[in-house]
Amino acid sequence: MATTADHFQAHGDPHDHAHDGDHKPAFFARWFMSTNHKDIGTLYLIFAITAGIIGGAISGMMRAELSHPGIQYLGTFAGWLGVHNPSFDQQLHLWNVLITAHGLIMVFFMVMPAMIGGFGNWFVPLMIGAPDMAFPRMNNISFWLTVAGFCSLMISAFVPGGVGNGAGIGWTAYAPLSTSGSQGPAVDFAIFSLHLAGAGSIMGAINFITTIFNMRAPGMTLHKMPLFVWSMLVTAFLLLLAMPVLAAAITMLITDRNFHTTFFDASGGGDPILFQHLFWFFGHPEVYIMILPGFGMISQIVSTFSRKPVFGYLGMAYAMVAIGVVGFVVWAHHMYTTGLSEDVKMYFTTATMVIAVPTGIKIFSWVATMWGGSISFKSPMVWAMGFIFLFTVGGVTGVVLANGGIDDNLQDTYYVVAHFHYVLSLGAVTSLFAGFYYWFPKMSGKMHSEFLAHAHFWVFFVGVNLIFFPMHFLGAQGMPRRVPNYAPQFEHWNHFASMGYLVMASSMVIFFVNIAYAFIAGKKAEGNYWGEGATTLEWTLSSPPPYHQFETLPVIGDDHHH
Amino acid sequence: MIDPEMINQGMNLAAIGRKLRMLPLALALFAVPQLAMGQAPAALAPAPAASVAAAPAVPATADPAVTPAAPAAAAPAVAAPVNTGPGAAATGPKVAYSADHFTVATGGYTPMKPTAGKGMPVDGGIGFQDQYSPNGTYALWMHNTILMPVIIAISIFVLGLLMWVVFAYRSARNKVPSKTTHNTMLEVIWVAIPIFILVAIFVPSMKLLAKQYAALPANALTVKATGNQWYWSYSYPDNGGIEVTSNFLKEKEDAKPGERFRTDDDGPRQLASDNRMVVPVGEPIRLQTTGADVIHSFSVPSLWFKLDAVPGRINEKMLFIKVPGVYYGQCSELCGVRHGYMPIAVEALPRPQFNAWVMTHSGGKIDGAPATAPAPAANAAASAPSPAPAG
C-alpha cells in the first residue's frame, strides 16, 4: 500500500497555487452539483439533521400515544396527515406507519448519512492527507440518491398501504406482511426508498475504500492511519458486502408483491423465513455500520483530550476488523424464535457472545488511553465518556440477549427496544454529538458555546436514560414491541419513559440554540482549537479548511507523532 | 495513532517504569475474575427442576393398563401435517399416563378465575414475571443468578474506571500526560478475562437450550395454535379435533350492545380473550404453531415460551406448566393493524378438569382413549391391546 501512495505522490501536482484553492463555484453549482467532499459532507449533515428532526418528532408522537393505556392521539395524528375521522383500524395502521418510518428514517437517513456521508466525507480525506475523495462525482450521486430515497419514503406515507395510508410493515419488512399482507403502493415506495439509499451507500463504500487504499499521503501507511479512518474502512467493507444482500432481498419483495413470484410465499414453494435470513445477513452488519464510525470518532476524541496517543492502536484497529468479520456470522440471533434447530441456536449463541471480546478490547483501551493522561473535559470529551458508559450498558444487555434460551422470553419485547436504543440512540447518537462538537468549529470556522454543549450533554444524558432504562423493565415484564396500547400494569414505566422524552427533546432545543449561537456570535475558530492533543492532519489546516486542501501533499515522517 | 512505540517495541527501563503506572488498572482488571468466581459455585447448583424428558419413560407395552398404545387413529392425524424440519421438537419414547389421565371431573367445566399478579405483568414491575414451567424456572435462575450479577458488575466496573480517570487524570491534577501506549500483559488480561466470563455464561446457556429442545414423549398431548389476523385459534387433534377460536375482549364501553365484554374474571385489560387455550397441568404438551396469513408469534412470558407462527410451516416446542392457573401473553410479531389486540390466555387445569373441558365440546375425546366408535381404519391399525380407561 505504501507503494501505491508513493505512486500517487509521483502524480501529485508540484505547483502550489496558494489561493486557487478558495475559488468556489456559484451557489447552485456549489451545493447542487457539488463534487467537493467537504460540501457534500456538509450536505449530508444538514440532510441527516433534517431527517433526525422528522424521525425524532415521530418518536415524540409514539411516546405521547404510549404515555397512557388506550388510544389517545392517533386520530389527531391521522388528521395532521390529511385523514380526517379515521376509523379505529386506520388509527392502528397509523401506529404501524409511525414505527416503520421512525426505524427507517433513523437508520438509513439519520445515523448512516451523518456518520458515513457527513463525518466520513469531511474527515477521511483530511485525515489521510488527500485533496478529495477518489470519485467526486460518484460522491455527489451517492448523496442525491439518499435524498431521493428519503423522498420516496415520505411519499409512501401519503399513498394507500392497506387499511390506511403509509407502509405499516416495521423497518424489518418481514414477508408476508410486507407482501400479501399489505395492499397498495405505500410499501413499494418504502421498499424503493431502501433501493435508492442502498445504491447510494454502496457507491459511497466504493468511494471510501478506493480513497483510503489509494490516496493516503506519502508516509501514511495503513498502520499509521487515524483510527477514525480505520473505522470508515471497515464500515465501507461492511456496506459493500451487506447492502447488496438487502437489495436482493427487497427486490424479491417487490417481485413477490407485483409480479407474482413466490420467493417468500410457502404456497408457491418459497419461505417467509428466507427473507429474515437475508434481511439479517444485511441487518446485523448494519448495526456495526452504524456504530463503527462512532468507535473511530471516540478514539480520536479520547486521545485528543487526554493528550495521549491511543492505547493499543493496533489492537483497536484489528478489534474493529474482528467485529466486522464476526458481525457477518451472527445474524440469526435476531431469529431465535422462528423455529431454528437446537444446533443452530447453540452456534449463534456462541458466535454472538464472541463479539463481546473485541468490544471489550475497545472499551478497556479507551479507558487505558485516558489512564495517565492529562484530561481536559471539553464538550466532545464529556460526550465521549458518556458514550463509553452508555455503550457498555447497551453491550451487556446484548450479552443477555445473545443467549438463545434467555431470548425466548425477551425476543420482540421492550427489552430488545431498550438494548438497541442503548447502543444506537444512546451509543451511536452520542458519538455523533461528540464528533459534532469536536469538529463543528473545524467545519464552520465558528466556535460553539462550551457551556451550551455541556448543558446539552447533561440534559440529553438524563433524558435518554429516563426514556430507555425503564424499557428493560417493561420488556422483562413481557410488554411486546410495536403495540400502541398495553395492559394497565405497564402504565407506570411507559409514563415515566414519555416524561423522559420531554427532557431529551429539551436537550435538542439547547443543541439548535448552540448552533445558532455559533453562527451568530461564535468566536472565529483557529486551525487547531483543541491544542496540542489534537494531532491528526485536519488540525494542520485552517478552520474551515480551504476549499481545496493538500494541493501539495503532506509527508508523514516515521517520527510523526499522532 | 501514529506512534513510534508501536513500531519500536523495544523494552527499556523507562518503558518498564511507564508500564508500572498502569499497574492499578491491571489490578482492577484482575478483580473481575474474583467476581466471576463468585458465580461459579452457583453454576454448579442443581437445576431447579428435572427436565421433562427425564420423566420416567416406560416402554409403551410395559403396562398396557395405564399405558394405552398410541391411538393409531389419532397419531397420523398429528404426524401428517407436521413439518419435522428444524423447528420440530424431537420425539422420544411414549411415557406412562398419569393415574387420573382418563378421569373426567364431575360438575363439568367453569372457566378459571385469574389470580392477580400470577401469569400476568404486575404494576410497575421491574423483573421477569414469576415462572411456572421447569425451563422457565431454570432460565430465570440463570438470568438472575449469573447474567444479572455479571452485567451489573461489568457496568459498575466500567463506570468506576471512568470515575477514577476523571478524578485522577484530570489536567488540573495530572499536568504531564504519560506516553504509554502499550502494555502486553494488560492487553492479554482484558482479552482473557472476558473470555473466562463468557465461558461461565456459556455452560448454563447451552444447558438451557438443551432443556428447551428435550425430546417430547411420543404420546404427549398435541395442541396447535394458529395465528390469524387478528385472533388465535387452537385445535386439539388428539381430542377429537376440537377447535377453539380466541378473540380479544373489548372493554365494556367499547362493546356493542349485547356483545360480550371483558370482566376481571377474564383477565387484565388488553390481555383477556373470550375463549382460552385450555391445557392440562403437569404434563408435557406438544405445542405447535403456524400462521394462517402472516407471521405471528405465540408468547407467554410467565411460561418462558415464545414461538413464531409462520405461514407454511409448523413449529413445535414443548410446553410444560407446573401449576394450575391462567397465564397471559400477546402476539409478539408485528402482524398488521390489530397486532396489539391479539391476546393469548392459557388456562392450565388438572387432568380431570381438562377432560371435563374437552367433553364440553361436541366430538371431544380424551387423548389416548380408544375411538368410541370402532372405525375400521382404527381397528386395523390398533393391534395393540385395548386399554381400559383408568379411574
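The values are calculated or read from the model by the stated rules, or taken from the named source; none is laboratory data. As the structure is a prediction and not an experimental result, all values here were calculated from the model. Quick reminder, even Gly has a Cβ in these numbers, built from the backbone with ideal geometry, and neighbours come from all protein chains shown. Quick note on the areas: whole protein, heavy atoms, side chains included, nothing else; ligands and nucleic acids left out. Shrake-Rupley method; radii C 1.70, N 1.55, O 1.52, S 1.80 Å.
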Cα centroid of segment A:438-487 to Cα centroid of segment B:193-224, whole Å: 36 Å
Rounded tilt (10° steps) of A:227-258 against the dominant C-alpha axis of chain A: 30 degrees
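What total accessible area, in Å², is buried where chains B and A meet, using a 1.4 Å probe and rounding to the nearest 100? Each step should come with its number before you reach the end.
Working: alone 20670 and 21730 Å², together 33620 Å².
Roughly 8800 Å² of accessible surface disappears when B and A pair.
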Rg to Rh, two decimals, where segment A:243-335 supplies the alpha carbon set and Rh follows Kirkwood: 1.22
Per residue, the convex hull volume that the Cα atoms of segment A:461-562 enclose (Å³): 213 Å³
Whole-Hz couplings from phi, Karplus 6.51/-1.76/1.60, listed for segment B:338-343; x for Gly and Pro: 9, 3, x, 10, 10, x
Under 5 Å, built H, 5+ apart or other chain: amide partners of A:G270: A:D265
Charge tally in the Cβ shell below 11 Å around A:V483, where Lys, Arg are +1 and Asp, Glu are -1, A:V483 excluded: +1
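Which entries in A:K224/A:K523; A:K24/A:K224; B:K256/B:K317; B:K211/B:K365; A:K38/A:K524; B:K250/B:K365 show an alpha-carbon gap greater than 29 Å? Write out the running numbers ahead of the final one.
Values: A:K224/A:K523 33 Å; A:K24/A:K224 32 Å; B:K256/B:K317 38 Å; B:K211/B:K365 31 Å; A:K38/A:K524 19 Å; B:K250/B:K365 32 Å.
In this structure, A:K224/A:K523; A:K24/A:K224; B:K256/B:K317; B:K211/B:K365; B:K250/B:K365 lie more than 29 Å apart at Cα.
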Rg to Rh, two decimals, where segment B:199-322 supplies the alpha carbon set and Rh follows Kirkwood: 1.03
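Local charge sum around A:A57 (other residues, Cβ-Cβ under 14 Å, Lys/Arg +1, Asp/Glu -1)?
Numbers: positive: A:R63; negative: A:E65.
Spelling it out: positives minus negatives among the neighbours equals 0.
Sorting B:W164, A:W280 by accessible area (1.4 Å probe), largest first, what list results? All intermediate terms of the calculation are to be shown ahead of the outcome.
Details: B:W164 110, A:W280 20 Å².
Result, largest first: B:W164, A:W280.
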Longest to shortest principal axis, alpha-carbon extents of segment B:149-263, angstrom: 80, 47, 22
Virtual spin-label span in nm between B:H361 and B:T145, 7 Å along Cα→Cβ: 3.9 nm
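Please work out the ratio of the alpha-carbon Rg of segment A:339-433 to 2.2 N^0.38 Å and round it to two decimals. Mind showing how you got there, number by number?
Numbers: Rg = 16.0 Å, N = 95, 2.2 N^0.38 = 12.4 Å.
For segment A:339-433, the normalised Cα radius of gyration is 1.29.
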Dimensionless Rg ratio for segment A:66-162, taking C-alpha atoms and the 2.2 N^0.38 Å reference: 1.53
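Inverting the mean 1/r over all pairs of different Cα atoms, compute the Kirkwood radius of the protein assembly as shown and quote it in Å.
29.9 Å
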With Cα atoms, 0 to 90° folded angle of helix A:491-521 axis to chain A main axis: 30 degrees
Buried on assembly, segment A:404-434 (at least 10 Å² less accessible surface than by itself, 1.4 Å probe): A:G405, A:I406, A:D408, A:N409, A:L410, A:Q411, A:D412, A:Y415
With eigenvalues of the C-alpha gyration tensor scaled by 5 and rooted, segment B:279-347, Å: 22, 14, 8
Accessible carbon and sulfur surface of the protein assembly as shown relative to its total accessible area, %, 1.4 Å: 68 percent
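Which shape class, rounded, prolate or oblate, goes with segment B:315-356 when its Cα gyration tensor gives a ≥ b ≥ c as root eigenvalues, a/c under 1.5 marks rounded, and past that a/b bigger than b/c marks prolate?
Values: a/c = 2.98, a/b = 2.12, b/c = 1.40.
Prolate, since a/c reaches 1.5 and a/b exceeds b/c.
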Average beta carbon contacts from partner chains per residue of B:137-147, 10 Å cutoff: 3
Bins of 5 Å from zero: percent of alpha-carbon pairs in segment A:409-512: 3, 12, 19, 20, 15, 11, 8, 5, 4, 1, 0
Average projection area in nm² (convex hull over Cα atoms of chain A, one quarter of hull surface): 25.5 nm²
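How many Å² of accessible area per residue for the protein assembly as shown, probe 1.4 Å?
Working: 33620 Å² over 953 residues.
So the protein assembly as shown comes to 35 Å² accessible per residue, rounded to a whole number.
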Cα Rg, Dmax (largest Cα-Cα span) when computed across segment A:93-252, Å: 17.8, 61
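Can you tell me the alpha carbon radius of gyration of segment A:183-235 divided by the globular rule-of-thumb value 2.2 N^0.38 Å?
Numbers: Rg = 16.9 Å, N = 53, 2.2 N^0.38 = 9.9 Å.
That ratio works out to 1.70.
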Area projected by the alpha carbon convex hull of segment B:237-309, averaged over all directions, nm²: 6.8 nm²
For B:V281, distant residues with modelled amide H under 5 Å away: B:L349, B:R351
Residue-count net charge about A:T304 - beta-carbon cut-off 13 Å; Lys, Arg +1, Asp, Glu -1: +2
Ordering of B:171-183, B:261-273, A:201-213, B:335-347 by burial proxy (mean other Cβ atoms within 10 Å per residue, highest first): B:335-347, A:201-213, B:261-273, B:171-183
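Under the definition of Cα pairs under 8 Å and six or more residues apart, what whole-number percent is the relative contact order of chain A? Display every interim value, and only then the final one.
Details: 940 pairs, mean separation 101.9, N = 562.
Normalised by residue count, the contact order of chain A is 18 percent.
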